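Participant: A single structure is presented below for examination.
A short reminder: the numbers here are calculations on the coordinates, not readings from a lab. All values derive from a computational prediction rather than experimental measurement. Positions of Cβ are backbone-derived with ideal geometry, glycine not excepted, and every protein chain shown enters the neighbour counts.
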Amino acid sequence: DAAASPREVAGQPLVIAHRGNSSLAPENTLPALDSAARSGADLLEIDVDYTRDGEIVVLHDDSVDRTTDGTGNVRELTSSDVRALDAGGWFSPLYAGTPIPTLDDVLDFVTASDATLLLEFKSSWSERRIGEALALIESHGAEDRVIAQSFDTTTLASLRDAAPGLARMVLVDEIDDPVASAEEFDAIGVNPRGEDVLGRREIVDEIHDAGLLTYVWTVDDAQDWAGLADAGVDGIVTNRPDRLAGWLASD
Ligand code: G3P
Ligand code: CA
């Protein structure tokens with residue numbers, strides 16, 4: 001549970017694995033999540049979208065083209081189309097045949113391994129779709145193991161209205177008024193780019209003064225980790241959770 005993390009107690013940022021341990025295993029797959037959990041990540045970040053027939057699957061892009069051996073937009077493919085894809089061979093022959101996991105698969109992993117998800121909803125989700133995601137999360141008893149996040153304002157409103165009990169955070173492409181953004185969606189925090197926070201460090205105090213958290217993305221450089229830890233961010237999303245965990249442990 002993220003709240004009990006020794007890093008949090010020590011005032012260190014949480015280690016958040018971006019798409020799993022995506023430097024060492026294919027992004028958004030179970031091997032990447034397993035590697036991240038073993039490397040000491042506090043939170044596992046994944047992206048979800050849904051198929052034409054409503055299966056919630058773990059994928060970053062709108063289309064399967066970049067990260068699988070198939071083509072097409074996920075919302076136009078069926079769940080059986082998606083299940084047949086190889087989401088590992090593009091990364092390394094060692095991972096050939098690794099499937100795109102469903103959210104159901106990931107929730108099995110999360111409950112079995114005592115992990116917590118930072119679950120990014122990609123594109124626009126209606127209240128009905130969010131209700132389906134919530135029902136799946138509840139069927140695993142995993143409501144306390146999931147923090148939802150999105151850039152999309154329709155999705156954030158759906159999360160607020162259809163899943164009020166699920167913690168949520170607002171992703172922002174640019175820092176405008178982070179506190180107002182979080183308050184609009186009754187969120188626990190607001191998540192900007194790490195580089196934007198490095199250019200405007202006082203924003204972290206503003207966010208904390210409003211009683212909010214901030215998890216910044218996506219930062220792989222130790223000098224930047226130092227600046228962000230110094231600014232007091234609550235979490236750092238990284239492609240190198242193994243290295244960030246090691247760096248914090250040696251601090
Ligand atoms: O956690 C935030 C980060 O994942 C947002 O960017 O494009 O990698 O989903 P993206
Ligand atoms: Ca993401």
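Participant: I need two numbers for the stretch 2-249: Rg to one decimal and Dmax as a whole number, Cα atoms only, in Å.
Facilitator: Computed over the Cα atoms of the stretch 2-249, radius of gyration and Dmax are 17.2, 49 Å.
Participant: DSSP beta bridges in the chain, what fraction antiparallel, as a percent rounded to 5?
Facilitator: In the chain, approximately 15 percent of DSSP beta bridges are antiparallel ones.
Participant: Once you have the alpha carbon radius of gyration of the stretch 7-133, what is it after dividing by 2.2 N^0.38 Å, with N set to its residue count?
Facilitator: Scaled against compact globular proteins, the figure is 1.05.
Participant: Please get the size of the charge dipole for the chain, origin at its Cα centre, with Cβ charges of +1 on Lys and Arg and -1 on Asp and Glu, quoted in debye to the nearest 20.
Facilitator: So the magnitude is around 560 debye.
Participant: Which distance in Å, rounded to a whole number, links the C-alpha centroids of the stretch 55-79 and the stretch 1-43?
Facilitator: 24 Å
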